[in-house]
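First comes the structure, then the notes that go with it.
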2 protein chains.
Amino acid sequence: MDCVFCSIISKKSQAVHIFENEEFIAFMDKFPINPGHTLVLPKKHCQTIVDMSIEETGKLFGLSSHLAKAVIKAVNADGFTLGQNNGEAANQIVPHVHVHIVPRFSNDSEVGRWPSRKTASIKDLNDIAAKIRKYVEPISL
Amino acid sequence: MDCVFCSIISKKSQAVHIFENEEFIAFMDKFPINPGHTLVLPKKHCQTIVDMSIEETGKLFGLSSHLAKAVIKAVNADGFTLGQNNGEAANQIVPHVHVHIVPRFSNDSEVGRWPSRKTASIKDLNDIAAKIRKYVEPISL
């Protein structure tokens, strides 16, 4: 099965990581809505959260909220959204569960709209990830 | 403190409920993006998830994923998004933590855009909530 995210998890493909433990991994979105846009994933391949238990989903989002604190400090954001899309109809592009941590800045878009996605350089992603990693507090789930 | 959601939690204001336990409550959004749009909240007043522990956030989203399964069955959705906004910059309207369960239907909007919010009648909300409640499986958190 050709899953882009499974390929990153197994280190066959590269990504700019900020966190990894036995069950979860987090790395920078290559087409960020804003600087610091991070994805948090279960390593186990699940297409949507309908395939996950309540406990697994709870851990995934608990971890996402924890990492979001580091992300917003690193990029000095004014707010952030946790978003998780299930199914093509919900604009899920990669069919492997992932939570978006999207930092937001005052007036970064028209009201009620998302800012457009950008193409980030690997250098930019590495620089931001290095800052984020410094702010990630130890966690046990 | 005048919090619209605290007022609903204390039953001073009305809402169309689909779930309640000691710590959490879920009711229909009065201005749904799509039919079935539901809000899930901690009863404790927290402005953003930065004020919540990892465990509390995990429970909130675990419950949200559980309720989402009932919502999508009730409205026969093609997909759904869990979304949670923190701060005005992230388009958080009511400053009391809430998770949006947004059912999505194929081609319900322009690509990458949200459908517009509608004004739902209480009758419509009651009818949908009655269907959702039938699909909510028992849960212990």
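The values are calculated or read from the model by the stated rules, or taken from the named source; none is laboratory data. Since the model is a prediction, treat every value here as computed from it, not as a measurement. As a convention, Cβ positions derive from the backbone with ideal geometry for all residues, glycine included, and neighbour counts pool all protein chains shown. To get the accessible areas, we keep the full protein, side chains included, count just its heavy atoms, and leave off ligands, DNA and RNA. Shrake-Rupley method; radii C 1.70, N 1.55, O 1.52, S 1.80 Å.
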Residue count for the range A:43-68, restricted to those that are part of a loop (DSSP other than H, G, I, E, B) and either within 21 Å of A:Ser10 (Cα to Cα) or among the hydrophobic types (A, V, I, L, M, F, W, C) (or both) | 7
Does the range A:114-136 contain any residue that is open to solvent by 10 Å² or more (accessible area, probe 1.4 Å), of a type outside the set (Phe, Trp, Tyr) and facing chain B (nearest Cβ under 7 Å)?
-> no
Among the residues of the range B:33-53, is there at least one that is of a type in the set (A, V, I, L, M), in contact with a Lys or Arg (Cβ under 8 Å, 6 or more places away or on another chain) and over 24 Å from A:Gly79 (Cβ atoms)?
-> no
Is it fair to say B:Ser13 is out of contact with any strand residue (DSSP E or B) (no Cβ under 9 Å at 6 or more places or on another chain) and either buried (at least 17 other Cβ atoms within 10 Å of the Cβ) or farther than 25 Å from A:Trp114 by Cβ (or both)?
-> yes
Has the range B:98-109 got any residue that is surrounded by fewer than 22 Cβ atoms within 10 Å (Cβ to Cβ) and within 15 Å of the chain's Cα centre (by Cα)?
-> yes
Test for A:Val99: is it in contact with a strand residue (DSSP E or B) (Cβ under 8 Å, 6 or more places away or on another chain), of a type outside the set (Gly, Ala, Ser), more than 7 Å from every other protein chain (Cβ to nearest Cβ) and farther than 16 Å from B:Thr48 by Cα | yes
Do we have any residue at all in the range A:15-38 that's in a helix (DSSP H, G or I), β-branched (Val, Ile, Thr) and without any contact (Cβ under 8 Å) to a residue 60 or more places away in the chain?
-> no
Can you work out which of the residues in the range A:69-88 that are part of a helix (DSSP H, G or I) and open to solvent by 20 Å² or more (accessible area, probe 1.4 Å) is farthest from the other protein chains (Cβ to nearest Cβ)?
-> A:Val75
Name the residues in the range B:31-50 that are more than 21 Å from B:Glu20 (Cβ to Cβ) and among the polar types (S, T, N, Q), would you?
-> B:Asn34, B:Gln47, B:Thr48
Within the range B:16-29, residues open to solvent by 10 Å² or more (accessible area, probe 1.4 Å) and of a type in the set (Phe, Trp, Tyr) come out as B:Phe19
Those residues of the range B:30-65 which are more than 7 Å from chain A (Cβ to nearest Cβ), in contact with a Ser or Thr (Cβ under 7 Å, 6 or more places away or on another chain) and surrounded by 20 or more Cβ atoms within 10 Å (Cβ to Cβ), in sequence order = B:Val40
Qualifying positions in the range A:1-51 - more than 11 Å from the chain's Cα centre (by Cα), under 19 Å from A:Tyr135 (Cβ atoms) and polar (S, T, N, Q) | A:Asn21, A:Asn34
Tally time: how many residues in the range A:64-90 are touching an Asp or Glu at 6+ places or on another chain (Cβ under 9 Å) and touching a residue at least 40 places away in the same chain (Cβ under 8 Å)?
-> 3
Failed criterion for A:Arg113 (all others in (1) in contact with a Phe, Trp or Tyr (Cβ under 7 Å, 6 or more places away or on another chain); (2) of a type in the set (D, E, K, R); (3) under 16 Å from B:Trp114 (Cα atoms) hold) = (1)
The one condition in (1) touching a Ser or Thr at 6+ places or on another chain (Cβ under 8 Å); (2) touching a residue at least 60 places away in the same chain (Cβ under 8 Å); (3) more than 24 Å from A:Arg117 (Cβ to Cβ) that B:Lys118 fails to fulfil = (1)
